[in-house]
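The next block holds one structure in the form of structure tokens; read it before the comments.
The values are calculated or read from the model by the stated rules, or taken from the named source; none is laboratory data. Being a predicted model, the structure only gives us computed values, none of them experimental. FYI the Cβ positions are ideal-geometry reconstructions off the backbone, even for glycines, and counts take in every protein chain you see. Just the protein is used for accessible areas: all its heavy atoms, side chains included, with ligands, DNA and RNA removed. Shrake-Rupley method; radii C 1.70, N 1.55, O 1.52, S 1.80 Å.
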Amino acid sequence: MHLVITLNGETIKKVEPHLGFIHRSIEKMCESLTYRQFIYVTSRMDYLSAHINNQACALCVEKGMQIEVPERAQVIRTIMAELTRIASHELWWGAMAMDIGAFTPFFHAFREREKINDIMEETCGARLTMNYMVPGGVMIDLHPDFQRKVKEFITLFKLKIHEYDELVTGNIIFRNRMKDVGFLSKEDAISYGCSGPAARGSGVSCDIRKLYPYDAYNKVQFEEVIETAGDSLARYMIRIKEMNQSVHIIEQLIDNIPEGDFQAKTKAVLKLPKGEFYTRVETARGELGVYIVSEGATTPYRIKFRSPGFSNLSALDHMARGSKLGDLVAMMGTLDLVIPDIDR
Amino acid sequence: MVGMRRTGYYFTHHKEIITQEYPDNRDTLKLPERFKGEVVMPHDENNEHRCTGCTACELACPNGTIKVVTKFDITPEGKKKKAIDKLVYHLELCTMCNLCIIACPSDAIVMAQTFEHSVFDRAELTKILNNPGSKIMDGVE
Amino acid sequence: MPLTSAFIIPCSLFDILKMWSLNNITGIIHDWLYQTFSPTWALTFEMVIAGVAVIGLFAVLGLILVIMERKVSAWIQIRLGPNRVGPKGMLQSLADTLKLLVKEGLTPGGADKFLFNLAPIIAMIVAMLLMAPIAFAKDFQLWDLNIGVLYVSAVSSIMVISILMAGWASNNKYSLMGAMRSGAQIVSYELSAGLSILSIVVLTGSLNISDIIYSQADGWWIFKGHIPVIISFVIFIIAVTAETNRAPFDLAEAESELTAGFHTEYSGMKFALFFLAEYVNVFIVCAIGATLFLGGWMPFHIGNWEGFNHVMDYIPSSIWFFGKTFFLIFVIMWFRWTFPRLRIDQLLNLEWKYLLPISMFNLLLVTVIAILGWHF
Amino acid sequence: MSNEELKTKITELLPAATFDESGEWLNINVEPSSWLSFAGKLRNNDSLFFDYLFCLTCIDWKTHLTMVCHLSSTKYRHNIVIKSKLDAGKPEIESVSHIWKTADFHEREVYEMFGVNFLNHPDLRLLILPDGWEGKNPMRKDFEDAVNMIKL
């Protein structure tokens, strides 16, 4: 991404994003891939929440095919999605602090993220682009060590999470940099189509996990974190609190993974009936929509990914006008822009 | 100030260092058995593999990574039988999505745990998975 | 036999320490030169020796500080840090310097060539000039001029010119913006740095650096001067951190906003000169801080504990000096790897709205203390 | 609000609208000419209050193009899908970017990918494609990429 900024001294007059530097036209690519194959491409969209992207596609195909997903698969998917969310927020936290100018948190965040990646690697076989979800469930059963490792991670994470507050949140320079920076009112957040923490920081309740529960989210207790301040600090706090909520969700599920199949019996060749299917999931960045138009063939006729970053980015210009150049990086940090997600 | 205490703590506590000294720890580095490094075809001691040449992997692959070149073997009974001549694998196109392994009905191909794939010539990335002169294992249909 | 060796070892240890203390080395060399040669030649030789020593020290300090910074940051960030070149990676910065030396020094097309090439040299010369009045050990000083403190604050303000020059000559928007920021920053933080230096000058009554050190023979100013001196010490540390463009005040090269600020376009040895000059500047301001507030090479003495004081005296003066200086450098590095960066308006607010009034008022307090003789 | 209620409400606002309930949400087909005024009514009507445009895209049906808008209300939590048929040769529709500001970017994306001309759009330039892009719109069905990796 390339931001063209018009400046008056240090004050921003206008921000103009130029996109498309890593546009791969995933939507067009998916039109020539079958319903089993196209899921792996979506890992490359928002690579930090690859699991959740895959999950969205799998859910959309399941909705079209009316496949009943076994409970075990649902729970596994939910745990994996929440682990991904924590990993994504960890990376965001490190990168955010780095944008603001503190280097150390980046490495401290990666210490915990590495643990999640190890868990992922053990079960899914990859660290970033897992391709673990398939229509009807998950690809392979959990690794025997999975539960133990996740529990170890949760204990470790709970020990370390207060360090984040010590290092960054409580820092007076950090708070001054974030407070009242990049203000986004509730009306604007809705109008700009923001979702995820960016919108929840402005007081918009938009957590898809709560509003339109999918997979095992209706079986767990968690809070939708909402802050009303609308500034960068609010968006920051939401992500920090969301990590705690994710841990809470995993804690509820990890001991109660039901026995059974990890994958529903599906036909070898998937054919979606003629029609249009739309699923929404909550990725680490916000609402991801998968819109499949099917003509009854083995490949989608048209597929559209409504990526959260794209809409969140459109609010950047509005937020940045009139603030300082240094604030821009803080805003971009709190919007948590993942460029492949915007470009697709 | 609290942050300085935290960084000071890590400055003096070296045992929490998490760096992996990569090229030096090759001997001890253990990747999980599910790690998706590249597609290989295991052969047993008689130079036999399990691939029937059904092209299920070729169809499953989203990137055209696998090309199955088939030939016809003459079985002892005198019947013609389809078998693979070459199973060409383009590592440079592979995204390690694991779909071919899932699709394979006879478990002929698996993911190897190698990850050091860099070579000087791109042509070296195109691999032929079956060993020369290898045969299909008995009993695999 | 064991008994005697037990006696011998401490004695020889003290001898070695004496040798290391650099005491009187300058005197010996001076006397020897004047005995051997005519005064003109002796002066010339002394100048050459001084020049070589400064350049050598400049390079060595740069290397040591770079490796120190990398190790400190690595340990704070739970990493190992450089560990490939030399024992425990200690020669890493030497290897980097060699690499930078053989790299091509690019000059961008639209740049003002003369200024562009001049800027790093000025930065380096300023850093070298600043070394002159620093007392590295007892009687080991290049130039003990009577306005040492004034000289330091005067020369160090030339640094901003090289940065502005680099930013302007690069013909690059990031460079220019970084240079402008750093101009505003250095000029404003010079004030509170100067004011906090003044408080020591007021207490000592002299601008001469060796006088200031000798005035701390019975205790360092930070202990003698009550709370006002502690306050001015804190302000001094903050101000010099800003003046040397280090995080959390590294707006001039804020990498997430301005790529690399004023040295975006520099490469090869020109970049290395900037880099070395920055580190040497850090060393110098820390040395000044150690000299003014922590007694320079003066050992640590506690009241009437004769035994303790005696032991402290055995530690050579150069070790005292470098120990204090490197402690301050470590503190500044610690700042850098802990704190996020300030915004430009917050930076200037901090200086003009808080530090400057506080240090002015503080100077008044110190003056009162000095006049009434309340300090110890 | 259930689909039936939405239907009656919307018929009041736009009698010409036709409905399609085959999907998950209520689909409404509108004429491109009436889209802008209808959009304003949807946004500002107190009982509908569709203030959240979460997806705006286009489908190329070879014979014609279809604009698809997914609308949601953050107050009542109901969703609808608006579709309008565009001419394949000269697709034109009014921009709604001043009603939902997010439409600005989404419409620019559709403009370059499908060549739909949004009338009265404040800043209709290429967003993703490189400047000076010549040739067909990439997401149209008749666009063939010379280097399509998938069809190797």
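Restricting the search to the stretch D:54-85, which residues are in contact with a helix residue (DSSP H, G or I) (Cβ under 7 Å, 6 or more places away or on another chain), over 14 Å from D:A103 (Cα atoms) and of a type outside the set (A, V, I, L, M)? Answer for the stretch D:54-85, where residues must be in contact with a helix residue (DSSP H, G or I) (Cβ under 7 Å, 6 or more places away or on another chain), over 14 Å from D:A103 (Cα atoms) and of a type outside the set (A, V, I, L, M): D:D60, D:T74, D:R77, D:H78, D:S84.
Only one entry in D:S73, D:S84 is more than 14 Å from chain A (Cβ to nearest Cβ), surrounded by fewer than 22 Cβ atoms within 10 Å (Cβ to Cβ) and at pLDDT 80 or above, namely D:S84. Taking the criterion of being in contact with an Asp or Glu (Cβ under 6 Å, 6 or more places away or on another chain), open to solvent by less than 20 Å² (accessible area, probe 1.4 Å) and in a loop (DSSP other than H, G, I, E, B), would at least one residue in the stretch C:204-219 satisfy it? No; the residues of the stretch C:204-219 include none that is in contact with an Asp or Glu (Cβ under 6 Å, 6 or more places away or on another chain), open to solvent by less than 20 Å² (accessible area, probe 1.4 Å) and in a loop (DSSP other than H, G, I, E, B).
Per-residue answers, yes or no, for (1) modelled with pLDDT under 75; (2) open to solvent by 80 Å² or more (accessible area, probe 1.4 Å); (3) in a helix (DSSP H, G or I):
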| site | (1), (2), (3) |
| --- | --- |
| C:W41 | no, yes, yes |
| C:T44 | no, no, yes |
| C:F58 | no, no, yes |
| C:M68 | no, no, yes |
| C:S73 | no, no, yes |
| C:V85 | yes, no, no |
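Exactly one residue out of D:F19, D:F38, D:F50 is farther than 26 Å from A:F305 by Cβ, buried (at least 17 other Cβ atoms within 10 Å of the Cβ) and more than 8 Å from chain A (Cβ to nearest Cβ), and it is D:F38. Residue pairs whose Cβ atoms lie under 8 Å apart, separated by 6 or more positions or on different chains, with the first residue in the stretch A:190-211 and without any contact (Cβ under 8 Å) to a residue 24 or more places away in the chain and the second part of a helix (DSSP H, G or I) and open to solvent by 10 Å² or more (accessible area, probe 1.4 Å), are A:V204/A:K186; A:V204/A:I190; A:S205/A:L211. Applying the criterion of being touching a residue at least 60 places away in the same chain (Cβ under 8 Å) and over 12 Å from the mean Cα position of the chain (by Cα) to the residues of the stretch B:33-45, the residue that is surrounded by the most Cβ atoms within 10 Å (Cβ to Cβ) is B:H43. Answer with yes or no whether A:G137 is surrounded by 23 or more Cβ atoms within 10 Å (Cβ to Cβ), free of Cβ contacts under 8 Å to residues at least 24 places away in the same chain and more than 14 Å from chain C (Cβ to nearest Cβ). The answer is no for A:G137. Which one of these is charged (D, E, K, R) and over 19 Å from A:L272 (Cα atoms): A:E82, A:E68? Answer to the selection: A:E82. Scanning the stretch A:34-61 for residues that are open to solvent by 10 Å² or more (accessible area, probe 1.4 Å) and away from chain B (no Cβ under 13 Å) yields a count of 2.
Can you spot a residue in the stretch A:325-336 that is touching a residue at least 60 places away in the same chain (Cβ under 8 Å), touching a Cys at 6+ places or on another chain (Cβ under 9 Å) and open to solvent by less than 10 Å² (accessible area, probe 1.4 Å)? Yes, the stretch A:325-336 contains at least one residue that is touching a residue at least 60 places away in the same chain (Cβ under 8 Å), touching a Cys at 6+ places or on another chain (Cβ under 9 Å) and open to solvent by less than 10 Å² (accessible area, probe 1.4 Å).
One residue alone among A:R85, A:R113, A:R77 is more than 10 Å from chain C (Cβ to nearest Cβ) and within 17 Å of C:R79 (Cβ to Cβ), and that residue is A:R113.
If you go through the stretch C:334-367 and pick out every residue that is open to solvent by 40 Å² or more (accessible area, probe 1.4 Å), touching a Pro at 6+ places or on another chain (Cβ under 8 Å) and either more than 11 Å from chain A (Cβ to nearest Cβ) or not in a helix (DSSP H, G or I) (or both), you end up with 1. Applying the set (1) open to solvent by less than 10 Å² (accessible area, probe 1.4 Å); (2) under 11 Å from the mean Cα position of the chain (by Cα); (3) at the interface with chain A (Cβ under 10 Å from one of its Cβ atoms) to D:T66 leaves exactly one unmet item: (1). Listed by position, the helices (runs of 4 or more DSSP H) contained in the stretch A:183-283 that have at least 3 residues being open to solvent by 10 Å² or more (accessible area, probe 1.4 Å) are A:186-191, A:232-254. D:C69 meets each of the listed conditions (1) in contact with a His (Cβ under 8 Å, 6 or more places away or on another chain); (2) under 17 Å from A:Y192 (Cα atoms) apart from (1). Considering only the stretch A:141-163, I want to know if a residue exists there that is within 14 Å of chain C (Cβ to nearest Cβ) and out of contact with any helix residue (DSSP H, G or I) (no Cβ under 8 Å at 6 or more places or on another chain). Within the stretch A:141-163 (the criterion being within 14 Å of chain C (Cβ to nearest Cβ) and out of contact with any helix residue (DSSP H, G or I) (no Cβ under 8 Å at 6 or more places or on another chain)), the answer is no, since none of the residues qualifies.
Conditions (1) within 22 Å of A:N53 (Cβ to Cβ); (2) in a helix (DSSP H, G or I); (3) within 22 Å of the chain's Cα centre (by Cα); (4) aromatic (F, W, Y), marked per residue:
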residue: A:H108; (1), (2), (3), (4): no, yes, yes, no
residue: A:R113; (1), (2), (3), (4): yes, yes, yes, no
residue: A:F157; (1), (2), (3), (4): no, yes, yes, yes
residue: A:R175; (1), (2), (3), (4): no, yes, no, no
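Screening D:E107 with (1) facing chain A (nearest Cβ under 9 Å); (2) charged (D, E, K, R); (3) part of a helix (DSSP H, G or I) gives one miss only, at (1). Across the stretch D:124-143, the number of residues qualifying as open to solvent by less than 50 Å² (accessible area, probe 1.4 Å) and not aliphatic (A, V, I, L, M) comes to 4.
Taking the stretch A:284-304, which residues are among the hydroxyl-bearing types (S, T, Y), open to solvent by less than 30 Å² (accessible area, probe 1.4 Å) and within 9 Å of chain D (Cβ to nearest Cβ)?
Hit for the stretch A:284-304 is A:Y291, nothing else.
Please determine whether any residue of the stretch A:144-158 is without any contact (Cβ under 8 Å) to a residue 24 or more places away in the chain and among the hydrophobic types (A, V, I, L, M, F, W, C). Taking every residue of the stretch A:144-158 in turn, none turns out to be without any contact (Cβ under 8 Å) to a residue 24 or more places away in the chain and among the hydrophobic types (A, V, I, L, M, F, W, C).
Condition check ((1) out of contact with any strand residue (DSSP E or B) (no Cβ under 9 Å at 6 or more places or on another chain); (2) of a type outside the set (F, W, Y); (3) more than 30 Å from A:T11 (Cβ to Cβ)) across all residues:
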| site | (1), (2), (3) |
| --- | --- |
| A:G260 | yes, yes, yes |
| A:F277 | no, no, yes |
| A:T283 | yes, yes, yes |
| A:A297 | yes, yes, yes |
| A:I342 | no, yes, no |
